[in-house]
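**Q** So that we are looking at the same thing, I have put the structure below in structure tokens.
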Amino acid sequence: MVSPMIFLGEDYWKCKKPVFPLLAQLAAGREYSSLLAITDSVDEVIQQIEQFAATL
């Protein structure tokens, strides 16, 4: 089973600690690539989690 990995703070996770680009590259072409997300919006984080929960 896979679950979403959502990063809050685009500048931090793309520039200061560039973990997100690495994970996105590693996930490319795999089932869970669509479950990676990055945003500056808490509301979007909640929306992503709710969308995932609806698929269970």
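**Q** Working only within region 24-56, note down all residues that are in a helix (DSSP H, G or I), within 9 Å of the chain's Cα centre (by Cα) and aliphatic (A, V, I, L, M).
**A** Scanning region 24-56 gives ALA24, LEU35, VAL45.
**Q** Out of all the residues in region 1-55, which are among the β-branched types (Val, Ile, Thr) and at pLDDT below 95?
**A** Step one: list which residues in region 1-55 are among the β-branched types (Val, Ile, Thr), which gives 2, 6, 19, 38-39, 42, 45-46, 49, 55.
Scanning region 1-55 gives VAL2, THR55.
**Q** May I pose another question? Would it be correct to say that ALA24 is surrounded by 13 or more Cβ atoms within 10 Å (Cβ to Cβ), in contact with a helix residue (DSSP H, G or I) (Cβ under 6 Å, 6 or more places away or on another chain) and of a type in the set (Gly, Ala, Ser)?
**A** no
The values are calculated or read from the model by the stated rules, or taken from the named source; none is laboratory data. Remember, predicted model here, so these are calculated numbers, not experimental data. For neighbour counting, all protein chains shown are included, and Cβ atoms are generated from backbone atoms with ideal geometry for every residue, glycine included.
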